[in-house]
Structure formats: structure tokens, C-alpha cells
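First the structure, in the form of C-alpha cells, and then the observations on it.
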Amino acid sequence: MTSAAMEKGTLIVGGGVVGLAVGWMLARRGEPVTLLEKGKTGREASWAAAGMLAPATEVAYQEDLNLMLGLESMRLYPEFVAELQQASGMDVDYRTEGALEVSFCADDTARLRHILGYQQEKNLPVRSLSVTDALEMEPTLSGFLSAAAFCGMDHQVDPRLLTTALKKAYLLAGGVLREDCEVTRFVLEAGRPPAVMAGEERISAKRVLLAAGAWSGSLAGLPDKLRPPVRPVKGQMLSFQMGAIPSLTHFLRVVRVPEIYMVPKSDGRLIVGATVEEMGFDRRLTGGGIYELLKGAWESVPQVYDLPLLETWTGFRPGSRDNAPILGQTAFPGLFVATGHHRNGILTTPATAVHMASLMLEGRPPDILKPFSPDRF
Ligand code: FAD
Ligand code: GLY
């Protein structure tokens, strides 16, 4: 690739769900796009995620901006998935059975009631359920169940299938992908288009999008005022094989206890997550982390005691200072950022892709992106 050829198009740094989705959106609108990924696409946070699309049940007090973006993304999700599945020829296991919030002790019940009050104040469609109704919905829940609520609006997708489909759709739309190609530094010189170094190679483009997930805050060559304040927020996860106990195939909905969540997938995996740890880029699993997940899963669904354990893993959520994504144009002409999606990057992918592509091609930030501007820090 020559620098001159690229100066017409867009260069994306990072091939997680965010870089791939924006890349697909741009490529299908006719933009020449090249994506640089230091390893293989979709193998970091986007691989680690559970895939819950949960603006309502993952709502956090005072994070109204995140709620707004999450609701916008949920609005876009069905069409986004339909178009992606058609473009890629793949199913991404988009499921709409909803989510249960449950508790098994007085402390968690009080917490559940508080959050239910907040969800209802925000007009989110979450309703209190009797214990009998909750056990009818998910008969494998523990008989110690003391309170429950249901949200039909929160859906889920398989994030590993999602990123694989995005990669296919991106390539079929004409996007260029360079895997095992690490961006080692940014080169930002006044009056010249933004550029990056990948080893000895200098690559410049009319537009460069930084979408390197939890690594977005640590790339060389970015002056402090342009550097997105993003850090890795570690999550440990595990999965069970559900089919080993026939009654557990009836586990259909996402189940959330305050400390853990359980997400059943159509291929028979039951994903249990996740820890939330400030441990930098330490990928190691810990006894304490896995213990907490197993304990929470067993207390909620005692039958998991007999289920085969399939996989354990860790991932790094890209967390910003205010927990909201950082989306928009920086003060350096042609340099854009889409990162900081923290706990909800799978949920907010369609909104990020659609609105960032509009901003990058049309030059004006859609109103919805304005509060997420990189210059708010
Ligand atoms: P990533 O997927 O991490 O991608 C960034 C990419 O950039 C990587 O592939 C990396 O290799 C590449 N890169 C980094 N540096 C460079 C470089 N110098 N040069 C080239 N490439 C580079 N969200 C939800 O909505 N629902 C969930 O249920 C959910 N569950 C989660 C559970 C866990 C345990 C974790 C960790 C996250 C979860 N998330 C969830 C959050 C979601 O996974 C992230 O917000 C989202 O995947 C971020 O996507 P990304 O593309 O920004 O980052
Ligand atoms: N959204 C789930 C997680 O980040 O663990």
C-alpha cells in the first residue's frame, strides 16, 4: 500500500466489533477503507463479551447518556442484524427472550427493588414478578429465590458470531484488512493528513479512526490532549455445556443476580460472567474470580454443579473516565475516535457504526454523538 493511495480513504486502527462495524458501514457506502489489526480481528474484548443487549437491566445510576445511546442502539439492532446476516450469509444468534433480574437474599432483594424503582422512573419496561411466575419462566432457578423482575426489551447476540459476520461483510463490501499489523505510533504533523507507523511502514489517509479498544489510551505519538482517557477493565468469564442435563435446555433467558449474570446460547453454552477488576492488562484468571462466578452460578441454578465446564477466559473492557464512550472528531483534522464502550460495546455497536460513519463522511456530528465528543475531557 502506498501512502498516496490511502490518502483518499479511511484507515481504521483496531479490528474489534467497533472498528469492524464502522469499517463495514463506511465500505458499504463506497468509502475506500483499510483496517489494521495487531492480532486477529475480534479476539479481544469483543471475543470475551457475553453479548447481552441490555440497556434496561444494565442501567447504572446517573449514567443517562449511556442509557440514551443504548436505547438508540436497541432501536437500530433488528435492522442492523438483518442487514448483517444478509450481507455475511451468517446467523449471529440474535435472541429476544428477555432478561430476568433475581435475588436470593435480603440484601440483594433491597438492591433489586432500588434498581427497579430507577428503571421504572426512566420508563424502562421492567416489571416486578412473583417468585412463582419467575420459577415458571425459568424452572431451574434455585427454590431460595426471593424476588424477581422481568424485562422483555433486553435481547442478546453471540458476540463471536457478530464479529465474524462483521469481518465477512466488511471484506465483501470491499474493505481491506491487514491482520498481524500493529500500529506502533501515530504521526500527526500540522498541515498534513493523519498517519500511523506500522513497524517501518508509514501509512496516511484522509481520515484515521482510532478504535483500539482498551489500548486506545496507550498508543505512542498521540499528544496528551488528543489521547482518549481509556483504561482496561478486566473481566473473568466461564462457560458450561448445558446439554449435559436435559432440563437445563429450558434455560432460555438471560438471568442477572447483582454479582453475576448467566447467558444461555443457542449452541448449548451457558456463559457466566463477569468480574470487574482494575488490574491493568493482566490476563491471568484468579482463584477468587472464578470462585465468585461459580458460587454465584451455583446459588442461582444449583444444577450447574453437574455441568461440564467448557471454557474460562478474560477480556479488557475499554473504560473511559466517565464510563461513557468517546465518539467523534478530535482537534487534529482527520483524526477520529470510537472507543471507551466499556460494559456495553456489543449493545452500542449499531449506533456507533451508523452515526460515526455519518460523521466521518458528512463532516457534521449527528446530535446523538455530541455529548460523547472526545473534547469533553
Ligand atoms: P476490542 O474488541 O478489544 O477491539 C480492539 C482491537 O484493537 C483489538 O482487536 C486489538 O487487538 C486492536 N488493537 C489494539 N491496539 C492496536 C494497535 N496498536 N494496532 C492495531 N490494532 C490494535 N458488552 C455488551 O454490550 N454486552 C455484554 O454482554 C458484554 N459483556 C462483556 C463481558 C466481558 C468479560 C468484557 C471484557 C466485555 C463485555 N462487554 C459487553 C463489553 C464489550 O465487549 C466491549 O465494549 C467491546 O467489545 C469493545 O469493542 P472494541 O472494538 O472497542 O474493543
Ligand atoms: N456487560 C457485561 C460486562 O461487561 O461484564
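Each row is one residue, and each column tells you yes or no for (1) touching a helix residue (DSSP H, G or I) at 6+ places or on another chain (Cβ under 7 Å); (2) within 16 Å of ligand 2 (Cβ to nearest atom); (3) farther than 25 Å from residue 27 by Cα.
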{"residue": "190", "(1), (2), (3)": "no, no, yes"}
{"residue": "205", "(1), (2), (3)": "yes, no, no"}
{"residue": "215", "(1), (2), (3)": "no, no, no"}
{"residue": "223", "(1), (2), (3)": "no, no, yes"}
{"residue": "226", "(1), (2), (3)": "no, no, yes"}
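Take residue 291 and tell me if it is within 16 Å of ligand 2 (Cβ to nearest atom) and among the aromatic types (Phe, Trp, Tyr).
When the stated conditions are applied, residue 291 does not pass them.
Residue 372 versus (1) farther than 30 Å from residue 243 by Cβ; (2) surrounded by fewer than 20 Cβ atoms within 10 Å (Cβ to Cβ); (3) within 16 Å of ligand 1 (Cβ to nearest atom): which is the lone unmet condition?
(2)
Please enumerate the residues belonging to segment 329-354 that are over 29 Å from residue 274 (Cα atoms) and within 16 Å of ligand 1 (Cβ to nearest atom).
335, 336
Step by step: first the residues of segment 146-172, then only those that are assigned to a loop (DSSP other than H, G, I, E, B) and crowded, with 19+ Cβ neighbours inside 10 Å, then the one that is farthest from ligand 2 (Cβ to nearest atom). Which residue is that?
Going through segment 146-172, the residues assigned to a loop (DSSP other than H, G, I, E, B) turn out to be 146, 152-154, 157-158.
So of that shortlist, the ones also crowded, with 19+ Cβ neighbours inside 10 Å come out as 154, 157-158.
Numbers: 154: 11, 157: 12, 158: 14 Å.
Filtering segment 146-172 for residues that are assigned to a loop (DSSP other than H, G, I, E, B) and crowded, with 19+ Cβ neighbours inside 10 Å, the one farthest from ligand 2 (Cβ to nearest atom) comes out as 158.
Yes/no matrix, rows are residues, columns are (1) farther than 24 Å from residue 159 by Cα; (2) crowded, with 22+ Cβ neighbours inside 10 Å; (3) of a type outside the set (Gly, Ala, Ser):
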site	(1), (2), (3)
318	no, yes, yes
325	no, yes, yes
330	yes, yes, yes
333	yes, no, yes
341	no, yes, yes
352	no, yes, yes
361	yes, no, yes
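Kindly indicate which of 243, 288 is surrounded by fewer than 21 Cβ atoms within 10 Å (Cβ to Cβ), part of a helix (DSSP H, G or I) and modelled with pLDDT under 95.
Working: 288 fails: modelled with pLDDT under 95.
Of 243, 288, the one residue that is surrounded by fewer than 21 Cβ atoms within 10 Å (Cβ to Cβ), part of a helix (DSSP H, G or I) and modelled with pLDDT under 95 is 243.
Under the condition of being touching a residue at least 12 places away in the same chain (Cβ under 8 Å) and open to solvent by 60 Å² or more (accessible area, probe 1.4 Å), which residue from segment 80-96 is nearest to residue 264 (Cα to Cα)?
Ranking the qualifying residues of segment 80-96, first place goes to 96.
Any residue in segment 331-345 that is within 17 Å of residue 9 (Cβ to Cβ) sitting within a Cβ distance under 7 Å of a residue that is polar (S, T, N, Q) and part of a strand (DSSP E or B)? List the pairs, counting only those 6 or more apart or interchain.
As it stands, the answer is 336/329, since those pairs meet every condition given.
How about segment 2-52: which helices (runs of 4 or more DSSP H) wholly inside it have at least 3 residues that are modelled with pLDDT under 95 and over 15 Å from residue 355 (Cα atoms)?
Result: 3-6.
Among the numbered conditions (1) surrounded by fewer than 16 Cβ atoms within 10 Å (Cβ to Cβ); (2) more than 20 Å from the chain's Cα centre (by Cα); (3) modelled with pLDDT of 95 or more, tell me where residue 306 comes up short.
(3)
Quick one: would you say residue 58 is over 23 Å from residue 240 (Cβ atoms), among the acidic types (Asp, Glu) and either surrounded by fewer than 24 Cβ atoms within 10 Å (Cβ to Cβ) or within 16 Å of ligand 2 (Cβ to nearest atom) (or both)?
On the way: over 23 Å from residue 240 (Cβ atoms): no; among the acidic types (Asp, Glu): yes; either surrounded by fewer than 24 Cβ atoms within 10 Å (Cβ to Cβ) or within 16 Å of ligand 2 (Cβ to nearest atom) (or both): yes.
Considered against the rule, which asks whether it is over 23 Å from residue 240 (Cβ atoms), among the acidic types (Asp, Glu) and either surrounded by fewer than 24 Cβ atoms within 10 Å (Cβ to Cβ) or within 16 Å of ligand 2 (Cβ to nearest atom) (or both), residue 58 comes out as no.
Yes/no per residue for (1) buried (at least 17 other Cβ atoms within 10 Å of the Cβ); (2) within 14 Å of ligand 1 (Cβ to nearest atom):
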| residue | (1), (2) |
| --- | --- |
| 16 | yes, yes |
| 30 | no, no |
| 37 | yes, yes |
| 40 | no, yes |
| 44 | yes, yes |
| 54 | yes, yes |
| 62 | no, no |
| 67 | yes, yes |
| 77 | yes, yes |
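Residues in segment 179-206 that are open to solvent by 30 Å² or more (accessible area, probe 1.4 Å) and either within 21 Å of residue 21 (Cα to Cα) or outside any strand (DSSP E or B) (or both): how many? Walk me through how you get there before you give the answer.
Narrowing segment 179-206 to residues open to solvent by 30 Å² or more (accessible area, probe 1.4 Å): 179-180, 182, 184-185, 188-193, 197, 199-202, 206.
Next, from what is left, pick out any that are either within 21 Å of residue 21 (Cα to Cα) or outside any strand (DSSP E or B) (or both): 179-180, 182, 184, 188-193, 199-200, 206.
Residues meeting the conditions: 13.
Just give me the residues in segment 207-229 being open to solvent by 20 Å² or more (accessible area, probe 1.4 Å), assigned to a strand (DSSP E or B) and in contact (Cβ under 8 Å) with a residue 60 or more places away in the chain, in sequence order.
Result: 207, single match.
The values are calculated or read from the model by the stated rules, or taken from the named source; none is laboratory data. The model shown is predicted, which means the values in this text are computed figures rather than measured ones. Glycine also receives a Cβ, built like all others from the backbone with ideal geometry; neighbour counts cover every protein chain displayed. Please note that ligands, DNA and RNA were not included when accessible areas were found on the heavy atoms of the full protein model with its side chains. Shrake-Rupley method; radii C 1.70, N 1.55, O 1.52, S 1.80 Å.
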